[in-house]
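What follows is calculated from the coordinates using simple rules that are stated; it is not laboratory data. The structure presented is a predicted model; accordingly, all values stated were derived computationally and were not measured. Glycine gets a Cβ as well: all are built from the backbone with ideal geometry, and neighbour counts include every protein chain shown.
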Amino acid sequence: MEKRKSATLPRSPGEFMAAPLLPPLEPLPTFGELSMDELHHRFTKGILSPEELLSDSIDNLLAVVPYGGLTRSAGHLMENQPWRQPSLIGAGLWGTTFVRAAESGIALELVQLAEELSAVCIGFFTEQSARNPLFPDQILEGPWGGGAGALLGWAVQFALGLDQGGNLARTVLATGLPGFRLPTRAPGMPAPGWLHNYLVDSPILAQSFLKQAVSRETPRLRLELPPEWEFRLGAILRGLPRERADEDSETGLIRILPLKGETILAADSLGCSAAYVPWRPGSSDATFFQILSPSGTEMTVASIVRLLAGPAAESG
């Protein structure tokens, strides 16, 4: 596969700050543009090896580094990252690459879990702000900036981190990348979550990072959403086994809200998981919304997100 052409890169953090900003990255095809479904298909058929994906990811990540937000981890040498053969438990993330959060605690637990599931951390962690490698004049604020930059530069399949005060939702709004937020463990504790490139990959990531057993049966959902979303989401929502929400009950209640400034903290205030969905970006009806769900319904929500990906979701 053709590698992205880039200028000679500075070699120290100080040089990163002083170096002139590179022009936007050329949209050359890379393995980072593939969904996890397509990656696994290529792995299975022998079309692509994890070694090739890893090499491609490193090249693309180095092209993204000058845009800021990423710092090399002393404990992770990119060129020597191992990958494990898939197992029954590890096949979901086998061979996929990701960048990790700098924060300690539960975010690092997700990193460890990802590596146990045969994903490959390629040696950088996300720091504060970055520039969008596709639109360098845009600043990506907050601790998700580096992970967003790596995704927009087609270097990795997902990025892990913490949702601090709605920073994950704000990054989704700024970039058009999908995001998923898991519930917090205790009041006041930041929730872990991830950014990824494709809605179709939501179930793979959700199943990988949910430690509790996932029921094979679809729970009977009670949906709460503005009337206009009935039309906008069409047959996807109408086909769900659901009942109207009772005003005095929260059990099994899934809310769908527009994702905008005044609703960014809704998931945090309600203690919910949240799927942050960019809806038809670039079209006349483009918007963003969030699906808020109580603990235990995350896989159902991830499956809904997969359906929202459209016809491409049916091929995986």
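Between the amide H of residue 288 and those of 259, 279, distances stay under 5 Å, these residues lying 5 or more places away or on another chain, with hydrogens modeled in the peptide plane.
Taking amide H positions as modeled 1.01 Å from N, with prolines and chain starts lacking one, the residues under 5 Å from residue 101 and 5 or more places away or on another chain are 126, 160. Residues in the stretch 140-153 carry Karplus couplings, in order, of 9, 7, x, x, 8, x, x, x, 5, x, 5, 5, 5, x Hz; the curve used is 6.51 cos²θ - 1.76 cosθ + 1.60 with θ = phi - 60°, and Gly or Pro positions show x.
Sequence-distant or interchain residues sharing an amide H contact under 5 Å with residue 70, placed H: which? HN-HN under 5 Å from residue 70: 127. Coupling constants for the stretch 181-190 follow from the phi torsions by the Karplus curve (6.51 cos²θ - 1.76 cosθ + 1.60, θ = phi - 60°), and in residue order they are 10, 7, x, 6, 7, 8, x, x, 8, x Hz; glycine and proline get x. Computed from phi, the 3J(HN,Hα) profile of the stretch 261-266 under the Karplus parametrisation 6.51, -1.76, 1.60 (θ = phi - 60°) reads x, 7, 10, 4, 8, 4 Hz, with x in place of Gly and Pro. Of the peptides 177-185, 150-158, 46-54, the ranking by mean beta-carbon count within 10 Å, highest at the top, reads 150-158, 177-185, 46-54.
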